[in-house]
Amino acid sequence: MTPASDKTPRTLFGKIWDAHEILRHPSGQSLLYTDRDLIHEGSFHAFADLKRRNLRPRRPQQIFGIADHYVPTLGRSADDAASPAIARMIRTFDENMEWGGLRHFGIASREQGIVHVVAPEQGITLPGLTIVCSDSHTSTQGALGAIAFGIGQSENAHVLATQTLWQMRPRTMRVTVDGRLGQGITAKDVMLALIARIGAAGAGGHAIEYAGQVVRDMSIEARLTMCNLSIEAAARLGMVAPDETTFRYVAGRHYAPTDQEWDLAMAQWRALPTDDGATFDREVELDGGAIAPMVTWGTSPEDAVPITGRIPDPASFASADKRKAAAKSLEYMDLAPGTELDGLLIDRVFIGSCTNSRIEDLRAAAAILKDRKAAIPAIVVPGSTQVREQAEAEGLARIFREAGFEWRQSGCSMCAAMNGDVVGPGERCASTSNRNFVGRQGPGARTHLVSPAMAAAAAITGRLTDVRRL
Amino acid sequence: MKAFTRETSTVAYVPGVNCDTDQIIPGRFLKADRAEGYDKFLFHDIRRDAAGNLDPRFPLNRPDAQGARILLVEDNFGCGSSREGAVYALADAGIRALLAPSFGDIFFNNALKNGIVPVRLPAAVCEAVADHLAADPQATVTVDLEAAQVILPGDLGAHPITIDAFARDCLLQGLDEIEMTFTYMDRIAAFEAERMARNPWLGR
């Protein structure tokens, strides 16, 4: 562990990193202790690696498996999978979990869901922890005041075998969002506005801490959305200092400490926020009051503009490579420069993904859909089975169904498009997910990233629509 | 891991900023066992036309790109999904080094673990290499990890490879990281015991 003087002001990130640094190699990399490793079906390569080495997971009690990427959303058995190859992924996951003696929430479990929705929900994610998962959106979980980042399968095998990871310490960036968000503006809009400003490569090599009044005022659900999208700005991770909102959220969750241990934990957690006077390698400031509902027009999350805006002319970009990229994006998206986003015809709507599938997201969409009808095909995929049950208890499921939405079982679904839920070639989808990449939602699919309320508005009108008008 | 000391090869230029790992390998191929070989998935969709045939305009489909073990790519290459399959596809296709202004962080680490050297070069240098290749497609580049430099064609000279010494040592020796970490197991166990004593709820 690095002894740091008590007097040196430190960042939230620095405190957690220092507390997990077992040693620093003379060459600069840190051997970092990982408190949690989360496993999903895609982790099968890491298990194959362990088996080849004749190793077993070293700390099974700190590893949790959750099936999400390949699970069907129209049934709760591997037999419901879209193809035999997809069913095999789900079964292999179960076999690997049994083999490793690992706690896991399989497809039929009441605790199942998208790993980044389930881990906070179950209290697996806690302030002050280091959390890894072989999924880039692991950054989501930093919302509770943790260092949480995505890794590859080689790194995953290393964590399973040793409960540690060699890492270079990232630089730090603070994103301060001050002021107050306007009506109908969400964490999704804040992040799309940020990524549009700093670019999809803008936070490369950095750990972001989100701060400012807007972030302080946010629920945990909204902070999870913020941190989730950090990776779309190329950040290593995103995080928010734990506060009373965090502690209220964590208290009573299944794997959270209780009684005397809760008090011990709280004493540690209260010391985590960034000290006054601590410095960041970069500072970015956003005026929350100036942010409008955002929508993407291209094939990178940085291609985002306010719904009141128009599709930019590729010629207006400063560099040659951006001009080329924009022209290529517009060709793929079948859009012309100067077109107004508001009113653009849409073929289908997807509400779901680790970005926007929590209870608050479903409430926001349902508030728009109440007593209205979708004009185009639309599906809702709750982020977890518990979110699904809660939404049913609150009457949200009924609102979605009455509006003509399909009410599905939880999973990654049409965001990763690995389970057979896809957007058809050439179809235009208003999606609450996180990536508008070429082919992300299926070969030839065209994605417009929006908030849940904006997705609901698009479903009603069949067009991209400024939700503030409805 | 396959050791890397020095590689000299012709270079294929695959342009496009923010080339995400979904482009390098579409998600539907990630179910494949590694033993099956991932090379056939490399840039699968973007190297084909609408009918599914190889598009002769895509750089890697051109005759002069065959045999290239080094790729020149653009800013933020390998952003997006953490899928190591993107690196498997490159490695299985024989790619040993990548030149770009920047890489996605997770992709960068994944490459290093699979014996591929991602070389960060200033954007202007990358552009100069692209220009040079346009005039002389058979020009070669040497990635010399031992000397920690990349030797570019023509009068573009040598540039330092800025990879941390740890990763460089691992690559040069083809070290198995897990085996190496096991040599620190006493310190890991001691650290862990202290952490669990202070946070017993983490280890149940």
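The values are calculated or read from the model by the stated rules, or taken from the named source; none is laboratory data. Since this is a predicted model, take the numbers as computed values, not measurements. Here the Cβ is made from the backbone with ideal geometry for all residues, glycine too, and neighbour counts use every protein chain on show.
A:GLY424 passes every criterion in (1) in a loop (DSSP other than H, G, I, E, B); (2) buried (at least 20 other Cβ atoms within 10 Å of the Cβ) apart from (2).
If I filter region A:398-408 for residues that are under 27 Å from the mean Cα position of the chain (by Cα) and on the phi > 0 side of the Ramachandran plot, do I get at least one hit? Steps first, answer last, please.
At the first step, the residues of region A:398-408 found to be under 27 Å from the mean Cα position of the chain (by Cα) are A:398-401, A:403-408.
Add one more test, that the residue is on the phi > 0 side of the Ramachandran plot, and what stays is A:404.
Within region A:398-408 (the criterion being under 27 Å from the mean Cα position of the chain (by Cα) and on the phi > 0 side of the Ramachandran plot), the answer is yes, since at least one residue qualifies.
Could you tell me whether B:GLY67 is touching a residue at least 12 places away in the same chain (Cβ under 8 Å), assigned by TED's automatic domain parsing to the domain that holds B:ARG120 and over 20 Å from A:GLY152 (Cβ atoms)? Yes; evaluated as a whole, the condition is true for this residue.
Taking region A:290-317 as the range and being more than 22 Å from A:GLU209 (Cα to Cα), within 14 Å of chain B (Cβ to nearest Cβ) and assigned to a loop (DSSP other than H, G, I, E, B) as the test, the residues that pass are A:GLY298, A:THR299, A:SER300, A:ASP303, A:PHE317.
The single condition among (1) acidic (Asp, Glu); (2) under 24 Å from A:GLU360 (Cβ atoms); (3) within 12 Å of another protein chain (Cβ to nearest Cβ) that A:ASP287 does not meet is (3). Summed over region B:38-61, the residues that are in a loop (DSSP other than H, G, I, E, B) and more than 24 Å from B:PHE103 (Cβ to Cβ) give a count of 8.
Would you check if B:GLY85 is modelled with pLDDT of 95 or more, within 17 Å of A:GLY152 (Cα to Cα), touching an Asp or Glu at 6+ places or on another chain (Cβ under 7 Å) and within 14 Å of chain A (Cβ to nearest Cβ)? Talk me through it step by step, then tell me what you get.
Details: modelled with pLDDT of 95 or more: yes; within 17 Å of A:GLY152 (Cα to Cα): yes; touching an Asp or Glu at 6+ places or on another chain (Cβ under 7 Å): no; within 14 Å of chain A (Cβ to nearest Cβ): yes.
Judged against the criteria, B:GLY85 is not a match.
Within region A:186-201, residues that are in contact (Cβ under 8 Å) with a residue 12 or more places away in the chain reach partners that are in a helix (DSSP H, G or I) and β-branched (Val, Ile, Thr) with beta carbons closer than 6 Å, at six or more positions or on different chains, in the pairs A:ALA187/A:THR225; A:LYS188/A:THR225. The combined condition, being over 19 Å from A:SER353 (Cβ atoms), outside the structural domain of A:VAL381 (by TED's automatic domain parsing), part of a helix (DSSP H, G or I) and among the hydroxyl-bearing types (Ser, Thr, Tyr), is fulfilled by A:THR92.
Does A:ARG103 meet the test of being within 20 Å of A:ASP135 (Cβ to Cβ), touching a helix residue (DSSP H, G or I) at 6+ places or on another chain (Cβ under 9 Å) and surrounded by fewer than 22 Cβ atoms within 10 Å (Cβ to Cβ)? Don't jump to the end; show me each part of the working.
Details: within 20 Å of A:ASP135 (Cβ to Cβ): yes; touching a helix residue (DSSP H, G or I) at 6+ places or on another chain (Cβ under 9 Å): yes; surrounded by fewer than 22 Cβ atoms within 10 Å (Cβ to Cβ): yes.
Taking the combined requirement at face value, the residue satisfies it.
Does A:PRO242 fit the bill of being away from chain B (no Cβ under 13 Å), part of a loop (DSSP other than H, G, I, E, B) and under 20 Å from A:HIS137 (Cα atoms)? Don't jump to the end; show me each part of the working.
Working: away from chain B (no Cβ under 13 Å): yes; part of a loop (DSSP other than H, G, I, E, B): yes; under 20 Å from A:HIS137 (Cα atoms): yes.
So A:PRO242 passes the test.
Summed over region B:14-43, residues that are farther than 28 Å from A:SER319 by Cβ and either at the interface with chain A (Cβ under 7 Å from one of its Cβ atoms) or surrounded by 15 or more Cβ atoms within 10 Å (Cβ to Cβ) (or both) total 9. Going by the structure shown, is A:GLU360 assigned by TED's automatic domain parsing to the domain that holds A:THR465 and under 18 Å from A:PRO452 (Cβ atoms)? The answer is yes for A:GLU360.
Examine region B:99-106 for a residue that is in the same structural domain as B:PHE166 (by TED's automatic domain parsing), in a helix (DSSP H, G or I), without any contact (Cβ under 8 Å) to a residue 24 or more places away in the chain and buried (at least 18 other Cβ atoms within 10 Å of the Cβ), and state whether such a residue exists. The answer is yes; a qualifying residue exists. Set side by side, the residues B:THR162, B:THR181, B:THR140 differ, and just one is in contact with a strand residue (DSSP E or B) (Cβ under 9 Å, 6 or more places away or on another chain), within 26 Å of B:TYR88 (Cβ to Cβ) and outside the structural domain of B:CYS19 (by TED's automatic domain parsing), which is B:THR181. From the set of residues in region A:188-228 that are touching a Gly at 6+ places or on another chain (Cβ under 8 Å) and β-branched (Val, Ile, Thr), which is surrounded by the fewest Cβ atoms within 10 Å (Cβ to Cβ)? Checking each candidate, the answer is A:VAL214. Checking each residue in region B:44-82 for being exposed (fewer than 15 other Cβ atoms within 10 Å of the Cβ), away from every other protein chain (no Cβ under 13 Å) and hydrophobic (A, V, I, L, M, F, W, C) picks out only B:LEU54. Checking each residue in region B:175-191 for being more than 7 Å from every other protein chain (Cβ to nearest Cβ) and of a type in the set (D, E, K, R) picks out B:ASP176, B:GLU179, B:ASP186.
Starting from residues that are within 11 Å of chain A (Cβ to nearest Cβ) and assigned to a loop (DSSP other than H, G, I, E, B), keep the ones in region B:151-174 and report whichever is modelled with the highest pLDDT. Even if it seems obvious, please write down each step before you answer.
The first filter runs over region B:151-174 and keeps only residues within 11 Å of chain A (Cβ to nearest Cβ), leaving B:163-170.
Still in the running and assigned to a loop (DSSP other than H, G, I, E, B): B:163-164.
On the way: B:ILE163: 89, B:ASP164: 86.
Result: B:ILE163.
Taking the residues in region B:114-148 that are of a type in the set (A, V, I, L, M, F, W, C) and part of a loop (DSSP other than H, G, I, E, B) as candidates, determine which candidate is farthest from B:ALA158 (Cα to Cα).
Among residues in region B:114-148 that are of a type in the set (A, V, I, L, M, F, W, C) and part of a loop (DSSP other than H, G, I, E, B), the one farthest from B:ALA158 (Cα to Cα) is B:ILE116.
Applying the set (1) over 20 Å from A:THR125 (Cα atoms); (2) away from chain B (no Cβ under 14 Å); (3) in a loop (DSSP other than H, G, I, E, B); (4) at pLDDT 95 or above to A:ALA4 leaves exactly one unmet item: (4). Can you find a residue in region A:74-85 that is under 30 Å from B:MET185 (Cα atoms) and touching a residue at least 40 places away in the same chain (Cβ under 8 Å)? Checked region A:74-85: no residue is under 30 Å from B:MET185 (Cα atoms) and touching a residue at least 40 places away in the same chain (Cβ under 8 Å).
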